[in-house]
Amino acid sequence: MIRSRILSAGGYLPAEVVTNDELAARHGLDTSDAWIRERSGIRQRHFAAPGETASSMGAAAAREALTRAGIGAEEVDAIIVATSTPDSSFPATAVRIQAALGITRGFAFDLLAACTGFIYALAVADSLLRAGSARTALVIGTETYSRIMDWSDRSTCVLFGDGAGAVVLRAEEGEAGILSCHLHADGRYADILHVEGGPGSTGTAGLLRMAGPEVFKHAVNKLSAVVEEALSAHGLGPQDVSWLVPHQANLRIIRGMGRKLGLPEERVLVTVDRHANTSAASIPLAMAEAMAEGRFRPGDLLLMEAIGGGLTWGACLARW
């Protein structure tokens, strides 16, 4: 059986680290480190420098992933980038990354599914590899959310950060690789998490808006359902999961999902405390950190899940 095997993961975080207290002082926010930590688990985040973009960060993450995989960029024949903060409306951020890596073959495109973007991109790449449309793919999540924040809104601006993560996939025979991905969307809830305007409507980019309590409620219910869907598709149970690799949005949601699966905390990847919510970049960033620390072992079952604006949500199961 041909599967899309995850060969490696790489990440990139901007140099500037901003703590909760520094963020509050910088923007005159009526908040505190204790208030932010209690509600989200976040204590700091990284912000992109003026010259950094989704493509420059994505290229850096891709280079690290390729180095860890031990393969050259010339072997890549597909690049799929999940981002809500592209360099421009077009060309795609993916082709800018392609050029930065010196790749002149294959194809490259962007995908938009907000915080679920990496799961969606992984599913698309898996389908293309198994169909024979490509053999080696880069799947990248990269975001500069600091540029779409309303710094007067303490309920949202403290939650997000910038960064990029990437994985290298290769079509190979064997048991290792992506088992399945399960994707969902419901546009009835589009307005509870969205960015105002855009070039196709107002001609200008807007700011992020979120109805936090409503998003939290949907997150708990929908993530639980899609996790059960993914495991049931393979006759698996929570006891079979080696690692929960969740979207890093809120520590309470992450720990709640870990408890539901009966996983000890050391088997749940957590970076939200240091990275904040990096949207489509959060899952590959967490994977890159875990890989660098040698946590994953051959045969481990990884369960990835996310929910984001759309609403979109999904889960992927992969054997390491």
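Bear in mind that the values in this text are calculations on the coordinates, not laboratory data. This one's a predicted model, so the numbers in the text were calculated from it and none came from an experiment. So basically every Cβ, Gly included, is an ideal-geometry build from the backbone, and we count neighbours across all protein chains shown.
Assuming R0 = 25 Å, can you tell me the calculated FRET efficiency for the pair SER88 and THR19, based on Cβ-Cβ distance, to the nearest 0.05? Provide the component values of the computation, followed by the final result.
Working: r = 32 Å, r/R0 = 1.27.
E between SER88 and THR19, to the nearest 0.05, is 0.20.
By how many nm would the segment from ASP273 to LEU301 lengthen if fully extended, with 0.36 nm per residue of separation less the alpha-carbon distance? Spell out each step's value before the answer.
Values: separation 28, 0.36 × 28 = 10.08 nm, distance 2.42 nm.
The ASP273-LEU301 span can extend by a further 7.7 nm.
Work from the charge dipole of region 2-174 (Cβ charges, +1 for Lys and Arg, -1 for Asp and Glu, about the Cα centre) and give the residue of SER146, ALA34, ILE119 farthest towards its positive end.
Positive-most Cα among the choices belongs to ILE119.
Using the Cα gyration tensor of region 270-320, with a ≥ b ≥ c the square roots of its eigenvalues, what is the shape: rounded (a/c below 1.5), prolate (a/b larger than b/c) or oblate (neither)? Could the numbers behind the result be given before it?
Working: a/c = 3.36, a/b = 1.33, b/c = 2.52.
Oblate, because a/c is 1.5 or more while a/b does not exceed b/c.
Kindly provide the Kirkwood hydrodynamic radius of region 2-174 in Å, to one decimal, from all pairs of distinct alpha carbon atoms. Don't skip to the answer; put the middle values down first.
Values: mean 1/r = 0.0594 Å⁻¹.
Across region 2-174, the inverse of the average 1/r is 16.8 Å.
At what distance in angstrom do the alpha carbon centres of region 220-246 and region 55-112 lie from each other?
30
Kindly provide the Kirkwood hydrodynamic radius of the chain in Å, to one decimal, from all pairs of distinct alpha carbon atoms. Please list the in-between numbers first.
Numbers: mean 1/r = 0.0517 Å⁻¹.
One over the average 1/r among Cα pairs gives 19.4 Å for the chain.
Suppose only helical runs count, i.e. DSSP H with n ≥ 4. What mean residue ellipticity at 222 nm does that imply for the chain under -39500 (n - 2.57) per run, divided by all residues and rounded to the nearest 500 deg cm²/dmol?
Working: 10 runs with 106 residues, N = 320.
Taken over the chain, the calculation gives -10000 deg cm²/dmol.
With N denoting the number of residues in region 178-290, provide Rg(C-alpha) divided by 2.2 N^0.38 Å, to two decimal places.
Working: Rg = 16.0 Å, N = 113, 2.2 N^0.38 = 13.3 Å.
Against the empirical 2.2 N^0.38 Å value, I get 1.21 for region 178-290.
Stretched out fully, how many nm does the piece from GLU229 to THR67 gain, at 0.36 nm a residue minus the Cα gap?
Working: separation 162, 0.36 × 162 = 58.32 nm, distance 3.45 nm.
Computed gain between GLU229 and THR67 is 54.9 nm.
Could you give the length gained on full extension between ALA190 and ASP153, defined as 0.36 nm per residue of separation minus the Cα-Cα distance, in nm?
Numbers: separation 37, 0.36 × 37 = 13.32 nm, distance 1.96 nm.
In short, 11.4 nm is gained.
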